[in-house]
Amino acid sequence: MDAETMLYGVIGFPARHSLSPAMHNAAFREAGINAVYLAFEVPPERLEMAIDGVRGLGIGGLNVTMPHKEAVINHLDGLSEEAEEIGSVNTVVNDGELVGYNTDGLGARRALETVTGLRGRNVLVIGAGGAGRAIVYELSKTSNVVVLNRTPERAKALERFGAVGEALTEENLRRYTSWADIIINATPVGMNSSETPVPPDLLREGLVVMDIVYKPLRTRLLREAEGRGCTTVDGLWMLVYQGVESFRLWTGKSVDPELMRGAALEGLRESG
Ligand code: NAP
């Protein structure tokens, strides 16, 4: 680090558990870029000050995580098309003006594309929160998407992207798992717990199952899916690919996803 070092970071509350510093610092090192990436714990009442600080200090860019992904929009100068449509920002680029992007949907697409094609496929997304919205927006461009959500109005609202939105009920789960080629859990169900959003008897050989939860890495959903002959994709792949896309927006450079995944896995092991 010297007088030329650029600063990047993630803001969240909490932010200390974030795997993004490990991923992006590994990428900066590998690319030979003189930059460092830190985690900033920003409570909601300090969001505005934090963004003023980004402008004042010339911080190169940010990732934005819970609970700021929507609130940050009011403090930016512009939005990319997908951030505007989704109403949520996970990446800010500072080119003199602060522009918000959302790379979560593309992260999910790239993660899925490591194991399957998506064009014309039937995709069931469970969850219509921030991450679910980004995924439904992105995948609806190429796939037939049904989204089921505990609060049905939030699923219905995603019909504007061309998806079908319905309530998360036992009957709908049964109906749409048998229709789907690909199932995505976009709820926190299974995070640090032994719960699953999909009863195992609904899983069948040939399905692709992705869980966006990555703590634990092998959630109960993924273990049961694997046991039934499904192809599985863990949530760390989505995290890695959204990070690859953020890195590209900041630096114009591509980074090897395996490098970021290795760094994230190490961070995950260290955090227990
Ligand atoms: P969010 O905006 O709070 O949305 C949560 C969603 O999950 C809502 O649709 C909510 O339904 C649903 N939900 C919550 N508890 C539920 C339960 N017990 N049963 C059924 N549905 C439930 O959160 P988010 O930002 O979308 O994040 C969701 C999860 O994804 C988190 O665990 C987060 O860590 C993870 N995530 C992972 C990545 C990655 O890169 N792998 C990226 C972003 C997020 P209601 O609308 O009814 O409340």
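A few points about this structure:
- Residue in the range 163-172 that is in a helix (DSSP H, G or I) and buried (at least 23 other Cβ atoms within 10 Å of the Cβ) present: no
- Qualifying residue in the range 216-223 (condition: open to solvent by 10 Å² or more (accessible area, probe 1.4 Å) and over 18 Å from the mean Cα position of the chain (by Cα)): yes
- The range 119-130 - residue that is surrounded by fewer than 19 Cβ atoms within 10 Å (Cβ to Cβ) and either away from the ligand (no atom under 15 Å from the Cβ) or of a type in the set (Asp, Glu) (or both) and, of those, farthest from Ala167 (Cα to Cα): Arg119
- Scanning the range 248-270 for residues that are in contact (Cβ under 8 Å) with a residue 12 or more places away in the chain and open to solvent by 70 Å² or more (accessible area, probe 1.4 Å), we see that the one that is farthest from the ligand (Cβ to nearest atom) is Lys253.
So that you can scan it fast, the table gives a plain yes or no per residue for (1) open to solvent by 10 Å² or more (accessible area, probe 1.4 Å); (2) under 17 Å from the mean Cα position of the chain (by Cα):
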{"residue": "Asp95", "(1), (2)": "yes, no"}
{"residue": "Thr103", "(1), (2)": "no, yes"}
{"residue": "Thr116", "(1), (2)": "yes, no"}
{"residue": "Arg133", "(1), (2)": "yes, yes"}
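- Scanning the range 204-247 for residues that are more than 16 Å from the ligand (Cβ to nearest atom) and either in a helix (DSSP H, G or I) or not β-branched (Val, Ile, Thr) (or both) turns up Arg204, Glu205, Gly206, Leu207, Arg223, Glu224, Ala225, Glu226, Gly227, Arg228, Gly229, Cys230.
- In the range 55-74, the residue that is least open to solvent (accessible area, probe 1.4 Å) out of those that are in contact (Cβ under 8 Å) with a residue 12 or more places away in the chain and over 23 Å from the mean Cα position of the chain (by Cα) is Gly58.
- Of the helices (runs of 4 or more DSSP H) that lie entirely inside the range 1-112, those containing 2 or more residues that are over 30 Å from Phe161 (Cα atoms) span 20-31, 47-57.
- Inter-residue pairs, beta-carbon under 8 Å, first under 11 Å from Thr219 (Cα atoms) and within 15 Å of the ligand (Cβ to nearest atom) and in the range 171-200, second assigned to a helix (DSSP H, G or I) and open to solvent by 20 Å² or more (accessible area, probe 1.4 Å), 6+ apart: Gly190/Arg220; Ser194/Arg220; Glu195/Arg220; Thr196/Arg220; Thr196/Glu224
The values are calculated or read from the model by the stated rules, or taken from the named source; none is laboratory data. Please read all numbers here as calculations on a predicted model, not as lab measurements. Cβ sites come from the backbone with ideal geometry, for glycine too, and all protein chains shown count toward neighbours. All accessible areas refer to the heavy atoms of the entire protein, side chains included, with ligands and DNA or RNA removed. Shrake-Rupley method; radii C 1.70, N 1.55, O 1.52, S 1.80 Å.
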